[in-house]
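Engineer: So that we are looking at the same thing, I have put the structure below in structure tokens.
The values are calculated or read from the model by the stated rules, or taken from the named source; none is laboratory data. Note that this is a predicted model, so its numbers are computed, not measured. Here the Cβ positions follow ideal geometry from the backbone for every residue, glycine too, while neighbour counts run over all protein chains shown. Remember, those area values only see protein heavy atoms, side chains included, never the ligands or the DNA or RNA. Shrake-Rupley method; radii C 1.70, N 1.55, O 1.52, S 1.80 Å.
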Amino acid sequence: MLMRHSEGMDAMNSLDELMVCKLDTRRRQVEPCTMVIFGASGDLTSRKLIPALYHLRKERQLPEPFRIVGFARREKTSDIWRQELRDSLGKNARIQSLDESVWNDFARQIEYCQGDLSDPGSYRRLAEMLAVAGDERLRQRVLYYLAISPGQFVEVIRHLSEAGLLGKETRGAGWQRVVVEKPFGYDLNSAQQLNADIMRYTHEQQIYRIDHYLGKETVQNILMFRFSNTIFEPLWHRGVVDHVQITVSEKLGVGGRGGYYEEAGALRDMIQNHLLQVLALVTMEPPVSLEAEAIRDEKVKLLKSVRPFLSGQIDRQAVRGQYIAGLVDGQTRAAYRNEPKVNAGSHVETYAALRLWIDNWRWSGVPFYLRTGKSLALSASEVRVQFRRPPSVLFAAQCGTHLDANSITLRLQPNEGISLRFNGKVPGASVEIRPVRMHFSYDVEFGAYTPEAYERLLLEAVAGDATLFIRRDEVEAAWEIIDPIRTDWSARPLTDAEFYTSGTWGPSAADQLLAHAGHAWRNPQV
Ligand code: BG6
């Protein structure tokens, strides 16, 4: 068919317009429900949960009606709790100026239930409170958020079940779901036991295990980046990738969390969950669909292909460290051992670096380096995919190792974005080649709005979409990877070489871990 010139141009221009593909229509709708927060007086509730819910309310994303019941031991009225929440909301950086009318509406939906986690009478009181909701849907659909110590998870779930507030079977249009915070277990055995105990009262589909990294925009974007483009995925395999580095570094020390950290250490606190989740998303095979189970199946498959760490070989594959006093951003940072609630002779690691191998067809022979630590030089999280060098002909033959290898960096935080590094000719008569970079920046492309991970996660839990939550076999597979390292480290005290000065990039042994293979850490640039 003949087209007039201008028609043809219009058609071509429209092809160049940014086409937006909206997937949300396929997602589940949020339904009116009640959210009960156990640990209502805690830090997580005031710092993360309530600000996230307020924001969702402001954005009109919460269902209507919606009810929040806070459960905690301290004696107080709903009015007093609301006032406390209001005060701490004002201090939340993400909420620059509180919208009073939104807050007033939101506050009307918030109530407080004083109770003791181990007292059956408290759950009867909670049941009475839940039963008085005027709207039937608020009584039938309840999301229990356990912002409490993991040691109390089973007790609360058992009490809820005995009080008739949590059933294994979903009745009619109703449902009950339970959101649990990390850490989920202490090692493989305790995680399996915890799972078995919880499953006596609920189905796996009712449990939403949080890893807040999965709520981060940039982490979610890993799958879009890989599977909605044709140009990157063909590069994503052992034929072209030399090695991959995943860094999650923090300038912060353990601060007031010394008590918790003494039980956790960097391996349990960060690697078992956040870093292994990022690794799984970066390396998994394409799922057969976007359904939660299909995505989680692929993540589990990937975690199960990680080559087990063998005792006797761990010191060649894993490095730990603990920070001593130093300067971070010009401020003196005390040694970990001098932090509050930390044992003065503690051997807990505040830094961990691993080299691991994925024994599957795609990644066989490609080393993956993971590292995380506190009191380091910079706070930054990124994934760097380092490609092989070009064959030693033409430019590479002359330049040797001076010719930079290409890389793609996924910057998870801060300066969220993606960078591609490749070689280019320096303009001029002499022939010089040097790396040049192309950057995609979230801020530049989409504006500075970066929703908090908890906003997304809470919304997904309300909507009943488990994609961003960790399944039982996933959490167990992650512990299986970590346990041998944990066992090895806990049997050996730290040596002098394992301490690092605050404000640096960690112990020197971490450099050796890569140097053996001719690699070096690429520190994030912020
Ligand atoms: C938490 C850890 O899960 O993640 C903390 O317990 C850590 O120790 C935090 O500081 C890091 O999260 P983010 O979102 O600041 O990278």
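Engineer: Can you find a residue that is among the aromatic types (Phe, Trp, Tyr) and either open to solvent by less than 50 Å² (accessible area, probe 1.4 Å) or in contact with a strand residue (DSSP E or B) (Cβ under 8 Å, 6 or more places away or on another chain) (or both) anywhere in the range 443-450?
Structural biologist: So the first thing to find is which residues in the range 443-450 are among the aromatic types (Phe, Trp, Tyr), and the list is 446, 449.
Now restrict to residues that are either open to solvent by less than 50 Å² (accessible area, probe 1.4 Å) or in contact with a strand residue (DSSP E or B) (Cβ under 8 Å, 6 or more places away or on another chain) (or both): none.
No - not one qualifying residue is present in the range 443-450.
Engineer: Within the range 383-404, is there a residue that is within 16 Å of the ligand (Cβ to nearest atom) and touching a Leu at 6+ places or on another chain (Cβ under 9 Å)? Give the derivation first.
Structural biologist: Initially, the range 383-404 is screened for residues within 16 Å of the ligand (Cβ to nearest atom), giving 383.
Going one step further and asking which of them are touching a Leu at 6+ places or on another chain (Cβ under 9 Å), we end up with 383.
Taking every residue of the range 383-404 in turn, at least one turns out to be within 16 Å of the ligand (Cβ to nearest atom) and touching a Leu at 6+ places or on another chain (Cβ under 9 Å).
Engineer: Would you check which residues across the range 205-221 are within 15 Å of the ligand (Cβ to nearest atom) and not basic (Lys, Arg) and list them? Spell out how you get there, then give the answer.
Structural biologist: Our first condition is that a residue be within 15 Å of the ligand (Cβ to nearest atom); within the range 205-221, this holds for 209-220.
Answer for the range 205-221, where residues must be within 15 Å of the ligand (Cβ to nearest atom) and not basic (Lys, Arg): Ile210, Asp211, His212, Tyr213, Leu214, Gly215, Glu217, Thr218, Val219, Gln220.
Engineer: What number of residues within the range 325-356 are part of a strand (DSSP E or B) and among the hydroxyl-bearing types (Ser, Thr, Tyr)? I'd like the intermediate steps shown before the answer.
Structural biologist: Residues of the range 325-356 that are part of a strand (DSSP E or B), as a first pass: 326-328, 331-333, 351-356.
Filter again for among the hydroxyl-bearing types (Ser, Thr, Tyr), leaving 332, 351.
Selection size over the range 325-356: 2.
Engineer: Within the range 485-511, work out how many residues are under 30 Å from Arg389 (Cα atoms), open to solvent by 50 Å² or more (accessible area, probe 1.4 Å) and either in contact with an Asp or Glu (Cβ under 7 Å, 6 or more places away or on another chain) or without any contact (Cβ under 8 Å) to a residue 24 or more places away in the chain (or both).
Structural biologist: Of the residues in the range 485-511, 2 are under 30 Å from Arg389 (Cα atoms), open to solvent by 50 Å² or more (accessible area, probe 1.4 Å) and either in contact with an Asp or Glu (Cβ under 7 Å, 6 or more places away or on another chain) or without any contact (Cβ under 8 Å) to a residue 24 or more places away in the chain (or both).
Engineer: Criterion first (charged (D, E, K, R), in a helix (DSSP H, G or I) and more than 30 Å from Ser190 (Cα to Cα)) does Glu460 satisfy it?
Structural biologist: On the way: charged (D, E, K, R): yes; in a helix (DSSP H, G or I): yes; more than 30 Å from Ser190 (Cα to Cα): no.
No; evaluated as a whole, the condition is false for this residue.
Engineer: Within the range 295-324, track down each residue that is assigned to a helix (DSSP H, G or I) and open to solvent by 80 Å² or more (accessible area, probe 1.4 Å). Break it down stepwise before answering.
Structural biologist: Residues of the range 295-324 assigned to a helix (DSSP H, G or I): 295-304, 314-317.
Residues satisfying the conditions are Lys301, Lys304, Asp315, Arg316.
Engineer: Which one of these does Ser118 not meet: (1) in a loop (DSSP other than H, G, I, E, B); (2) modelled with pLDDT under 95; (3) more than 25 Å from the chain's Cα centre (by Cα)?
Structural biologist: With respect to (1) in a loop (DSSP other than H, G, I, E, B); (2) modelled with pLDDT under 95; (3) more than 25 Å from the chain's Cα centre (by Cα), Ser118 is out only on (2).
Engineer: Write out, first by first residue and then by second, each pair whose Cβ atoms fall under 7 Å of each other, whose residues are 6+ apart or on separate chains, and whose first residue, in the range 268-285, is near the ligand (Cβ under 10 Å from one of its atoms) while the second is hydrophobic (A, V, I, L, M, F, W, C) and in a helix (DSSP H, G or I).
Structural biologist: Between residues of the range 268-285 that are near the ligand (Cβ under 10 Å from one of its atoms) and residues that are hydrophobic (A, V, I, L, M, F, W, C) and in a helix (DSSP H, G or I), the close pairs are Asn273/Ala478.
Engineer: Please verify whether Val36 is surrounded by fewer than 17 Cβ atoms within 10 Å (Cβ to Cβ), in contact with a helix residue (DSSP H, G or I) (Cβ under 9 Å, 6 or more places away or on another chain) and not aromatic (Phe, Trp, Tyr), treating the condition exactly as stated. I'd like the intermediate steps shown before the answer.
Structural biologist: Details: surrounded by fewer than 17 Cβ atoms within 10 Å (Cβ to Cβ): no; in contact with a helix residue (DSSP H, G or I) (Cβ under 9 Å, 6 or more places away or on another chain): yes; not aromatic (Phe, Trp, Tyr): yes.
So Val36 does not fit the description; no.
Engineer: Counting only residues that are over 19 Å from Gly417 (Cα atoms) and within 13 Å of the ligand (Cβ to nearest atom), which one in the range 222-255 is most open to solvent (accessible area, probe 1.4 Å)?
Structural biologist: Leu252
Engineer: Output the number of the condition that Asp465 fails; it satisfies all remaining conditions of (1) charged (D, E, K, R); (2) touching a strand residue (DSSP E or B) at 6+ places or on another chain (Cβ under 8 Å); (3) assigned to a loop (DSSP other than H, G, I, E, B).
Structural biologist: (2)
Engineer: Further question: Kindly provide the set of residues from the range 349-401 that are farther than 26 Å from Glu250 by Cα, of a type in the set (Gly, Ala, Ser) and touching a Gly at 6+ places or on another chain (Cβ under 9 Å), ordered by number.
Structural biologist: The one that is farther than 26 Å from Glu250 by Cα, of a type in the set (Gly, Ala, Ser) and touching a Gly at 6+ places or on another chain (Cβ under 9 Å): Ser392.
Engineer: Something else: Considering only residues that are more than 9 Å from the ligand (Cβ to nearest atom) and of a type outside the set (A, V, I, L, M, F, W, C), look in the range 256-267 and name the one that is most open to solvent (accessible area, probe 1.4 Å).
Structural biologist: Residue satisfying both the conditions and the ranking: Glu263.
Engineer: Next question. For the range 475-484, indicate whether the set of residues that are open to solvent by 30 Å² or more (accessible area, probe 1.4 Å), among the charged types (D, E, K, R), in a helix (DSSP H, G or I) and closer than 30 Å to Leu56 by Cβ is non-empty.
Structural biologist: no
Engineer: Return yes when Gly115 is within 14 Å of Val36 (Cα to Cα) and not hydrophobic (A, V, I, L, M, F, W, C) and no when it is not. Quick ask: steps written out before the conclusion?
Structural biologist: Working: within 14 Å of Val36 (Cα to Cα): yes; not hydrophobic (A, V, I, L, M, F, W, C): yes.
For Gly115, the condition - within 14 Å of Val36 (Cα to Cα) and not hydrophobic (A, V, I, L, M, F, W, C) - is met.
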